[in-house]
1. Mind telling me which of B:Ala47, B:Ala112, B:Ala27 comes out most flexible in a GNM of chain B, alpha-carbon contacts under 10 Å?
2. With everything on Cα atoms, drop me the angle between helix A:104-119 and the longest principal axis of chain A, reported from 0 to 90° to the nearest 10.
3. Taking a cut-off of 30 Å between Cα atoms, list the lysines near A:Lys77, but don't count ones fewer than 8 places away on the same chain.
4. Using R₀ = 41 Å, calculate the FRET efficiency as 1/(1 + (r/R₀)^6) where r is the Cβ-Cβ separation of B:Cys3 and B:Asn131; round to 0.05.
5. Of A:Ser45, A:Ser3, which has the most accessible area and how do the rest follow, probe 1.4 Å?
6. To the nearest 0.05, what FRET efficiency results for A:Leu166 and A:Ala66 with a Förster distance of 25 Å applied to their C-beta separation?
7. Is it possible to state the helix-based mean residue ellipticity at 222 nm for chain A, with each DSSP H run of 4+ residues giving -39500 (n - 2.57), the sum divided by total residues, to the nearest 500 deg cm²/dmol? What is it?
8. State in Å² the accessible area per residue of region A:45-212; use a 1.4 Å probe, count heavy atoms of protein chains only, and round to the nearest integer.
Amino acid sequence: MLSYIFAFMIAASVLCSVFLGTTKEMSDSLMSGAQQAVELIVTMSGMMCLWSGVMEVAKESRLTNALAKAFSPILRKLFPDVKKDSVAFECISMNVAANLLGLGNAATPLGLKAMKELKGDSTSVVATDAMITFVVMNTSSIQLLPTTIATMRSALGSDSPFDIVLCVWITSVVALALGLSVAKILCKRGEKVGANNAVRDSVCADIRAVQKG
Amino acid sequence: MPCAIAFVLIFGLCKRVNVFEAFVRGAKDGIKMLYNIAPTLIGLIVAVSMLKASGCLTLLSDTLSPLTEKIGFPSELLPMTLLRPVSGGGSTALLNQVLSDYGPDSFLGRCASVIAGSTETTFYATTLYYNSVGIKKIRHSLFASLVADFTAAVVAVVTVNLFFLQ
């Protein structure tokens, strides 16, 4: 996927620059872009290391577990089909806690384990309602402190890199709430269609039985 | 933010964790992470700065501006918003472009930061999670996730307007 995006971006720039007569600016940008990238990475490195150090302390002191416990009442409502003392539920809440703390490296393996637990012994290739809720949660960001973005902002000269936190919280919560509601509504509708199909199937079976008789 | 760091460190001490050792280990992981993302970021930031310098990015947002104006969404943010669910590295490169072009504390810079901070690489996560357990039919999962991404883009602009103008 990235190969296509990368090649497309470069090809589009070359094409555009020929038509718009900006070939010189574009070839200059090649050099300045590479330099800018390294500068950004170097300026970000201090803050990034500081944060991952602090987050490692959070992980070691099991802050994730405390957070997981705090959020389990909400999660219990969101996952009515998952038993609250099951391994699946534990994986889900730990995954959410890790995401909240911005521990992406810890969240992904937990998430994959949660999916495995949600699937259990079933051989079905169709996603269950709980799986959909869980994946939708993981495709929206639910981070308490958007550290990477803040680091990038301060590297590029922001006065107060964290002043967007409140906006990020409101935006994430509204987006996640809407995403989850859409998922829930469509799950319910799916059930109704499924139930109607079941009724239709049983009626058909009755008719066939009558015809045979 | 310093409060958050102090809180984590004191919480760690209370739980009898060797705080400094853990910190150093984590910081080492931070360096490793940067080492891992650096090549991707260099490649994509070069590509994006070429897009910008060639005039392609401006052309794209100008073409799309009639569409975005109707809902009051700044067209300069559209390329980043559209790439966000597809590629994390690509959208980071575009975020970097917006932040350095307009300034991180500008209206556009703030909107871009909020959008990037409240969304994820939807397609990547969806593929990863379902593939790992062999799910082929994902029903309305992707649709619901994209609704969330679209909402985030709109709400980000609204909240930044609310909190930072006047």
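1. Largest GNM mean-square fluctuation: B:Ala27.
2. Around 10 degrees separate the two axes.
3. Cross-link targets: A:Lys59, A:Lys69, A:Lys113, A:Lys116, A:Lys119, A:Lys184, A:Lys188, A:Lys192, B:Lys136, B:Lys137.
4. Step by step, r from the Cβ atoms, then E = 0.50.
5. A:Ser3, A:Ser45
6. 0.60
7. -28000 deg cm²/dmol
8. Value returned for region A:45-212: 49 Å² of accessible area per residue.
The values are calculated or read from the model by the stated rules, or taken from the named source; none is laboratory data. None of the values given here were measured: they were computed from a predicted structure. Positions of Cβ are backbone-derived with ideal geometry, glycine not excepted, and every protein chain shown enters the neighbour counts. Just the protein is used for accessible areas: all its heavy atoms, side chains included, with ligands, DNA and RNA removed. Shrake-Rupley method; radii C 1.70, N 1.55, O 1.52, S 1.80 Å.
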